Amino acid sequence: MMEKMIFGRYIPGDSFVHKLDPRSKLIFVFVFIAIVFIANNAVTYALLLAFTLITVLLSRIRLYFLINGLKPILFLMLFTFLLHIFFTQEGDLLWKWQFIEIYEEGLRQGIFISIRFLVLVFITSILTLTTSPISITDGMEVLLNPFKRFKLPVHELALMMSISLRFIPTLMDETDKILKAQMARGSDISSGTIKERIKAVVPLLIPLFVSAFKRAEDLAVAMEVRGYRGGEGRTRYRQLKWDWRDTIIMVVALVLAIILWLLRS
Amino acid sequence: MDIQLQQVGYAYAKGTPFEKRALFDVDLHISTGSYHAIIGHTGSGKSTLLQHLNALLKPSEGSLRIGDLTIVAGKKVKNIRPIRQQIGIVFQFPEHQLFDETVLKDIMFGPLNFGVPVEEAERRARVLVEQLGLPSEVLEKSPFDLSGGQMRRVAIAGVLAMEPSVLVLDEPTAGLDPRGRQEIMELFHKLHVEKGLTTILVTHSMEDAARYADHVAIMHEGTCVINGHPQDIFADEERLAKYRLEAPRVVRFQRKIEALIGRPLAKLCLTEEDLAIEIGHVIREERGNL
């Protein structure tokens with residue numbers, strides 16, 4: 001089950017998107033998330049969709065793999081879609097069956113919201129799939145640097161983030177191991193009443209917490225003995241490099257925003 | 001309980017870019033009451049293989065028969081629970097699975113899950129704690145207050161308390177001190193003999209495999225390459241080296257003695273005791289010759 005999760009996974013490659021600097025990618029994703037909300041008619045949504053598909057092609061990540069990763073939020077998408085369809089009562093009445101009425105505007109809104117979801121999930125997934133967690137944190141740290149002036153512990157936040165990202169797969173493996181060990185002892189999470197299932201989670205969670213705390217302590221000790229003293233005066237081994245590609249996608253983001261603004265109704 | 005694997009294969013993360021083939025074409029027959037050792041270099045698929053033995057993983061190719069239950073790749077399996085009770089698995093570092101408030105409750109977790117009455121489960125826990133050489137006071141303690149070695153024993157007791165007829169051991173003594181290792185291995189051997197258990201030991205220790213097992217299977221790069229009697233397997237050091245394994249210490253010592261006296265001993269000894277007796281014979285013969 002957990003092998004299928006794509007969140008936080010990184011697929012190495014050397015496509016255009018892979019080669020981008022993490023800073024430009026992060027800025028682009030933030031800008032993109034904002035400009036998605038500019039779109040409000042068929043043309044603008046089609047443009048967003050087309051743009052996203054081109055990005056997918058450029059990243060050379062197999063589409064079906066992205067769709068697979070969409071599954072966990074499929075329920076949410078469907079739910080908002082249905083909500084719009086049934087509760088928006090504007091435009092022409094398209095279809096009526098007993099008390100269920102579907103209006104044109106509802107259908108439109110439902111489709112638009114679904115596209116918005118799809119586009120956001122794809123773009124953010126591409127960010128994490130083509131950028132190693134380490135580069136993302138590096139990029140974040142540099143981008144947030146100006147906020148140091150306001151006493152924001154930027155280095156510590158970046159460190160926390162890279163540690164948590166680093167331990168996601170480890171904890172997943174650990175969960176899998178403990179789950180199997182308890183299953184071998186007859187515990188059963190996947191069947192029974194809800195009460196039974198909740199009870200079956202305890203033998204999984206307690207060992208998981210115990211080992212997570214132990215790991216945290218070990219890591220703290222390991223950092224301490226190697227003389228870690230926080231970010232002050234620390235130089236970096238991985239240098240970030242901004243090149244023409246990064247400038248290009250900044251321009252692309254700007255152009256996309258302008259076109260969307262012009263085409264919106 | 002007979003276990004038969006036919007052409008079993010398994011791939012992790014099937015259908016994703018991370019797909020990894022961990023097992024292929026594994027044929028193995030484990031007959032009731034035997035003591036099988038599965039040896040192999042790190043990453044040879046030993047642990048993946050053993051998770052098939054109680055259907056924690058289902059083969060993606062081939063089929064496997066556990067007692068009366070047949071599992072065929074790609075088909076749904078019903079009624080796994082009785083199998084889980086029959087086959088107890090002691091995983092690597094089993095102390096990581098401890099969770100309950102007291103040692104007693106933790107040991108009773110398995111049997112209670114399989115519907116054993118509370119009194120019976122408690123009786124088993126008390127007997128096992130004694131068998132594993134733990135003081136009976138630990139029963140009321142939290143498992144997290146024990147030492148590493150004690151935690152290991154409690155976790156093992158938790159598996160034995162289900163009274164399985166097949167015991168699968170995944171490096172049960174890794175990280176223990178030499179004395180603890182020996183005590184635990186001896187206990188497993190005692191149970192194997194007294195209760196007629198079928199025992200499957202996954203191990204890095206050639207010494208343990210040579211001393212206890214009556215069958216040895218070598219795993220190499222995801223498949224079972226050799227399956228036979230320890231006498232034959234450990235006699236062929238060249239073949240072992242091919243799979244990045246080496247003969248047990250006692251065998252290597254015997255080879256040195258043979259080089260020294262210039263002739264082979266009467267048989268290949270797999271335990272220190274046997275070798276001592278053989279050397280005794282040789283010394284007696286040499287004296288007779290004088």
Practice task
May I ask for the equivalent-ellipsoid semi-axes of segment B:3-247, computed as the square root of five times each C-alpha gyration tensor eigenvalue and listed largest first in whole Å?
Solution key: 30, 22, 16
Handout entry: Tail weight of P(r) past 15 Å, computed on alpha-carbon pairs of segment A:182-265, percent
Key = 79 percent
Fill in the blank from the handout: Chains A and B: accessible area buried, summed over both chains, 1.4 Å probe, nearest 100 Å², reads 2300 Å²
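Considering Cα pairs under 8 angstrom that are at least six residues apart, work out the relative contact order of segment A:144-225 and quote it in whole percent. Write out the running numbers ahead of the final one.
Numbers: 25 pairs, mean separation 18.1, N = 82.
Result for segment A:144-225 is 22 percent.
Given the protein assembly as shown, report the % of alpha carbon pairs whose separation exceeds 48 Å. Before the final figure, lay out each step's value.
On the way: 47957 of 153735 pairs.
More than 48 Å apart: 31 percent of the Cα pairs in the protein assembly as shown.
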Problem - Cα-based Rg of segment A:144-225 normalised by 2.2 N^0.38 Å, two decimals - result: 1.54
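Averaged across A:205-212, how many Cβ atoms of other chains sit within 10 Å of each residue's Cβ atom?
Values: counts 1, 6, 7, 2, 1, 6, 2, 0.
Going residue by residue through A:205-212 and averaging, the value is 3.
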Practice task
Just grab the label-to-label distance for residue B:274 and residue B:229, each label 7 Å out from Cα along the Cβ direction, in nm (one decimal).
Solution key: 1.0 nm
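Relative to the compact-globule scaling 2.2 N^0.38 Å, provide the ratio for the alpha-carbon radius of gyration of segment A:51-195. Could you put the intermediate results ahead of the total?
Numbers: Rg = 22.1 Å, N = 145, 2.2 N^0.38 = 14.6 Å.
Compactness ratio reported: 1.52.
Just how large is the dipole of chain B about the Cα centre, in debye to the nearest 20, putting +1 at every Lys and Arg Cβ and -1 at every Asp and Glu Cβ? Please list the in-between numbers first.
Values: 34 positive and 40 negative charges, 149 e Å.
In total the dipole reaches around 720 debye.
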Fill in the blank from the handout: Over 23 Å (Cα to Cα) among A:180/A:214; A:148/A:214; B:141/B:195; B:190/B:256; B:58/B:105; B:75/B:195 -> A:148/A:214; B:141/B:195; B:190/B:256; B:58/B:105; B:75/B:195
Fill in the blank from the handout: In short, segment B:77-97 residues buried by 30 Å² or more of accessible area relative to the isolated chain (1.4 Å probe) are B:81, B:84, B:91, B:96, B:97
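For a Förster distance of 45 Å, can you work out the FRET efficiency between the beta-carbons of residue B:101 and residue B:242, rounded to the nearest 0.05?
Values: r = 51 Å, r/R0 = 1.12.
Calculated transfer efficiency: 0.35.
Can you pull out the trypsin sites (Lys or Arg not before Pro) in segment B:76-181 whose DSSP state is coil and whose Cβ has at most 11 other Cβ atoms within 10 Å? Don't skip to the answer; put the middle values down first.
Numbers: sites: B:76, B:78, B:84, B:105, B:123, B:124, B:126, B:141, B:152, B:153, B:179, B:181; in loops: B:76, B:78, B:141.
Taking segment B:76-181 and a limit of 11 other Cβ atoms within 10 Å, the loop trypsin sites (Lys or Arg not before Pro) found are B:76, B:78.
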Handout entry: Relative counts (whole %) of C-alpha pair distances in segment B:1-128, using bins that are 10 Å wide
Key = 11, 35, 32, 19, 3, 0
Fill in the blank from the handout: In segment B:77-177, the GluC sites (Glu not before Pro) that sit in a DSSP loop and have at most 16 other Cβ atoms within 10 Å of their own Cβ are B:101
Exercise for the section: Quick one: compute a quarter of the convex hull surface over the Cα atoms of segment B:159-290 and quote it in nm². Expected result: 10.1 nm²
Exercise for the section: Mind putting a number on the dipole of segment A:31-131 about its Cα centre? Charges go on the C-beta only, +1 for Lys and Arg and -1 for Asp and Glu, and I need it in Debye to the nearest 20. Expected result: 540 debye
Exercise for the section: Could you tally the net charge around residue B:6, taking each other residue with its Cβ under 11 Å from the Cβ of residue B:6, Lys/Arg +1 and Asp/Glu -1? Expected result: -2
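Within 10 Å of each Cβ in peptide A:64-74, how many partner chain Cβ atoms are there on average? Round it to a whole number, please. It would help to have the intermediate numbers written out before the result.
Numbers: counts 2, 4, 0, 0, 2, 1, 0, 0, 0, 0, 0.
Mean shielding by partner chains, rounded to a whole number: 1.
Viscosity 1.567 mPa s, temperature 4 °C: give me the Stokes-Einstein translational D for segment A:19-114 in µm²/s, with Rh taken as the Kirkwood radius over C-alpha pairs. Each step should come with its number before you reach the end.
On the way: Rh = 15.7 Å.
For these conditions, the coefficient is 83 µm²/s.
Output the relative contact order of chain B, whole-number percent, from Cα pairs under 8 angstrom with separation of 6+ residues.
On the way: 506 pairs, mean separation 64.4, N = 290.
Relative contact order of chain B: 22 percent.
Counting only C-alpha contacts under 8 Å and six or more residues apart, can you give the relative contact order of chain A as a whole percent?
Details: 226 pairs, mean separation 81.5, N = 265.
Answer for chain A is 31 percent.
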Problem - Rg followed by Dmax, in Å, when segment A:129-177 is reduced to its Cα trace - result: 13.3, 45
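Using 0.36 nm times the number of residues separating residue B:267 and residue B:63, minus their current alpha carbon distance, what extension gain do you get? Working shown, then result.
Details: separation 204, 0.36 × 204 = 73.44 nm, distance 3.84 nm.
Length gained, residue B:267 through residue B:63: 69.6 nm.
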Practice task
Once every Cα of segment B:248-290 carries one equal point scatterer and solvent is ignored, give the base-10 log of I(q)/I(0) from the Debye formula at q = 0.29 Å⁻¹, two decimals.
Solution key: -1.08
Problem - In segment A:133-240, the GluC sites (Glu not before Pro) that fall in loop regions by DSSP, at most 14 other Cβ within 10 Å - result: A:232
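Using Stokes-Einstein with the Kirkwood hydrodynamic radius over Cα pairs, what translational diffusion coefficient do you get for chain A at 25 °C and a viscosity of 0.890 mPa s, in µm²/s rounded to a whole number? Walk me through the intermediate numbers first.
On the way: Rh = 22.1 Å.
The Stokes-Einstein estimate is 111 µm²/s.
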Handout entry: Residue-span extension gain [residue A:30 to residue A:155] - 0.36 nm each, minus C-alpha spacing
Key = 43.0 nm
Completion exercise
For the protein assembly as shown, whose charge dipole is built from +1 on Lys and Arg Cβ atoms and -1 on Asp and Glu Cβ atoms, the candidate among B:282, A:112, A:140 with its Cα farthest towards the positive end is A:112
Practice task
Just grab the label-to-label distance for residue A:87 and residue A:243, each label 7 Å out from Cα along the Cβ direction, in nm (one decimal).
Solution key: 5.0 nm
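Under a 1.4 Å probe, what is the accessible area of the protein assembly as shown per residue, stated in Å²? Present the calculation step by step, with values, prior to reporting the outcome.
Details: 29720 Å² over 555 residues.
It amounts to 54 Å² per residue over the protein assembly as shown.
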Problem - Spin-label pair residue A:262/residue B:42, simplified geometry with 7 Å Cα→Cβ offset, distance in nm - result: 6.0 nm
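The values are calculated or read from the model by the stated rules, or taken from the named source; none is laboratory data. Note that the coordinates shown come from a computational prediction; the quantities given were computed from them, not determined experimentally. All Cβ positions, even for glycine, are placed from backbone atoms using ideal geometry, and neighbour counts span all protein chains on display. To get the accessible areas, we keep the full protein, side chains included, count just its heavy atoms, and leave off ligands, DNA and RNA. Shrake-Rupley method; radii C 1.70, N 1.55, O 1.52, S 1.80 Å.
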